[in-house]
Each structure stands twice: as structure tokens, then as C-alpha cells.
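The values are calculated or read from the model by the stated rules, or taken from the named source; none is laboratory data. Everything quoted here is computed from the prediction, not taken from an experiment. All Cβ positions, even for glycine, are placed from backbone atoms using ideal geometry, and neighbour counts span all protein chains on display. Remember, those area values only see protein heavy atoms, side chains included, never the ligands or the DNA or RNA. Shrake-Rupley method; radii C 1.70, N 1.55, O 1.52, S 1.80 Å.
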Amino acid sequence: MDWRAQILRIYWDDDPQPAVECPIGDFFALGWNKYAHVNSLAVCVNPGSAFNCYWEMPFSSRARLTVTNDGIERRTLYYQIDYTLCEVPDDAARFCAQFRRVNPVPKGDVVTILDGVVGRGHYIGTVCAWGVNNGGWWGEGEVKFFIDDDGEFPTICGTGTEDYFCGSYNFDVGGQYTEFSTAYAGMPQVLRPDGTYRSQQRFSLYRWHLTDPIRFTTGMRVTMQALGWRRGPRYLQLQDDIATVAFWYQTLPLAPYPVLPDRDDREII
């Protein structure tokens, strides 16, 4: 299944800008077109292609959900959407999700997870699909949250990629990367070389800020360093394949999103 070829879009009320624009697999924390069990509070993925979502998604007058198949194969989609008719305040924050991919990361650049947000709201989660292009450790980079009027220095600066995704020391148990899936964080996918075509290690990760939302008043920017280790030890600036999804709530109207990468630029190769 080419889950990168199916695009989920969600529009709130009369806003022409989709609040959600994301490949199906990445939205559900599976970035590499391969099934893995995801067992979290926000989303769960169950055998063999049951994608379930529990994000709260308020709207005032109407909502529109679309799924576009950009792939070359015909697909059948089954779905159920539950909703409640109730009063929603005019200034209620709307659910948003935005996909980005950079492949490879230009040497020395940081990965932008979210930028250009204007409004009031709170950040609620990150999904990352990381394809490694070197043979060593890849998760040393800091995740940084620039809130409102932050300049050079962010309000929140993490201690490392694996720490942000609630793991530690290479996600290592007994000398092996170890998959895990919990209520708030996980690494449900570890794709290992198979000796033929699957030649690189690839990882899918998620982190939900359900009990620790990161609030902003006027705007938000989120970045992540792509850092590994050289011998020494010295930092190695990585040039990896990194796709992310940012999840947040904010008041309308939405600022325009970056243009979604086309099918070739989303394709997993």
C-alpha cells in the first residue's frame, strides 16, 4: 500500500484553506508504507489496515473531509465519522495538521517542522519518518519551539531527538533498536536492511502533547536539528530523508500552508 499517495484534507466551516493536509500513513504515525501496530490515545492502527483517529475537531457550521488518491493503483476506502451537534464558541481553536518532507536535508540546515503559524492556539504533537543515510547514530539533534516573539533563542530547547520522542540512548535494548508504542509517544516502525532492496534503516516516531500542550498567543515555529556523531565524539550534520507532520490547534483564519510536495517528491524510494 502506497500510503504516501493518499492525501487527507479537512476544511473547517467556510475556510478555503485546508486545516489538515497530509498523507494518510504519516497522519497515523506510519511513514514507511508498512503496517505496524500503533497503540496511542490520539490514533491507533490495528491489523491489518484499520486507521483510527480520536483527535477532537470542533467546527461551527460545517466540516468537509476529502481523501485524494494520487497513486497509480485503484483503491477502496471504507470510513465512519462520528460527530456531536452542540454549541461551539466562535473563537474555538480548530484542529490542524501539516506535512513536510526534505530529502536530503541540506548540509547544515535544520528541519522545519512548523512555521508561518499566525494566531492563538496550542501545539499537540509531532510525527516523524526518518530515513538514515549514514551508518551511525542519527538522533542527537535538538527539537526547538519558538513561541510568539522568540528570536534567536527558543522558549523550549530539547536535549536530543530520542529524548523528545520519549526514548533514550539510541532506543536500544540489548544492542538493537527496539520498537515501542505508548499512549503519548512511540517508535512503532523500525525498517531494517533486508540484504536486497531495503538497504537503509528507517524509523517512524510520534509524540503527542495531550497533557502538556505548548501554548502560543501570536504564533509558533518548530525546528529539529539533524545530528549524529563522528568519531571523537564530534557532531555529524546529517543529510537524511526526513518527513514530519505537525499537529496543533489554532483560531481561524489559517495562514496559507506550504505547497504540498507532489507525488514524486513524496514517494518512498
Selected residue (criterion: least open to solvent (accessible area, probe 1.4 Å)) from residues of the range 104-120 that are on the phi < 0 side of the Ramachandran plot and in a loop (DSSP other than H, G, I, E, B): 105
Determine which single condition residue 195 fails, assuming it passes every other condition in (1) modelled with pLDDT under 95; (2) on the phi > 0 side of the Ramachandran plot; (3) buried (at least 18 other Cβ atoms within 10 Å of the Cβ). (3)
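Would you be able to say whether some residue in the range 242-252 is within 22 Å of residue 16 (Cα to Cα) and modelled with pLDDT under 95?
Step one: of the range 242-252, the residues within 22 Å of residue 16 (Cα to Cα) are 245-252.
Checking which are modelled with pLDDT under 95 leaves us with 251-252.
Yes, there is a match, as at least one residue in the range 242-252 is within 22 Å of residue 16 (Cα to Cα) and modelled with pLDDT under 95.
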Among (1) surrounded by fewer than 17 Cβ atoms within 10 Å (Cβ to Cβ); (2) over 19 Å from the mean Cα position of the chain (by Cα); (3) not polar (S, T, N, Q), there is one condition residue 59 misses while meeting the rest; what is its number? (1)
Apart from one, (1) charged (D, E, K, R); (2) open to solvent by less than 50 Å² (accessible area, probe 1.4 Å); (3) without any contact (Cβ under 8 Å) to a residue 40 or more places away in the chain all hold for residue 101; the odd one out is (3)
Take the range 138-166 and flag every residue that is surrounded by 20 or more Cβ atoms within 10 Å (Cβ to Cβ), among the β-branched types (Val, Ile, Thr) and in a strand (DSSP E or B). 143
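I need the strands (runs of 3 or more DSSP E) fully contained in the range 167-269, keeping only those with at least 2 residues that are more than 21 Å from the chain's Cα centre (by Cα). Before the answer, list the steps.
On the way: elements: 185-191, 202-208, 214-216, 219-224, 227-230, 234-237, 241-250.
Because the criterion is at least 2 residues that are more than 21 Å from the chain's Cα centre (by Cα), the strands (runs of 3 or more DSSP E) in the range 167-269 that meet it are 227-230, 234-237.
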Residues within the range 233-265 that are open to solvent by 30 Å² or more (accessible area, probe 1.4 Å), out of contact with any Pro (no Cβ under 9 Å at 6 or more places or on another chain) and polar (S, T, N, Q), tallied: 1
Residues of the range 24-68 being within 19 Å of residue 260 (Cβ to Cβ), of a type in the set (S, T, N, Q) and modelled with pLDDT of 95 or more, in sequence order, are 66, 68
Leading residue by the ranking (least open to solvent (accessible area, probe 1.4 Å)) among those in the range 24-40 that are under 11 Å from the mean Cα position of the chain (by Cα) and over 18 Å from residue 71 (Cα atoms): 29
Mind listing whichever residues of the range 71-92 are surrounded by 10 or more Cβ atoms within 10 Å (Cβ to Cβ) and over 13 Å from residue 61 (Cα atoms)? 71, 75
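May I ask you to verify whether residue 136 is under 23 Å from residue 189 (Cβ atoms), touching a His at 6+ places or on another chain (Cβ under 7 Å) and of a type outside the set (A, V, I, L, M, F, W, C)? Give the derivation first.
Numbers: under 23 Å from residue 189 (Cβ atoms): yes; touching a His at 6+ places or on another chain (Cβ under 7 Å): no; of a type outside the set (A, V, I, L, M, F, W, C): yes.
Judged against the criteria, residue 136 is not a match.
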Close pairs (8 angstrom Cβ cut-off, 6 or more residues apart or separate chains): under 16 Å from residue 208 (Cβ atoms) in the range 151-177, open to solvent by 70 Å² or more (accessible area, probe 1.4 Å) anywhere: 166/184
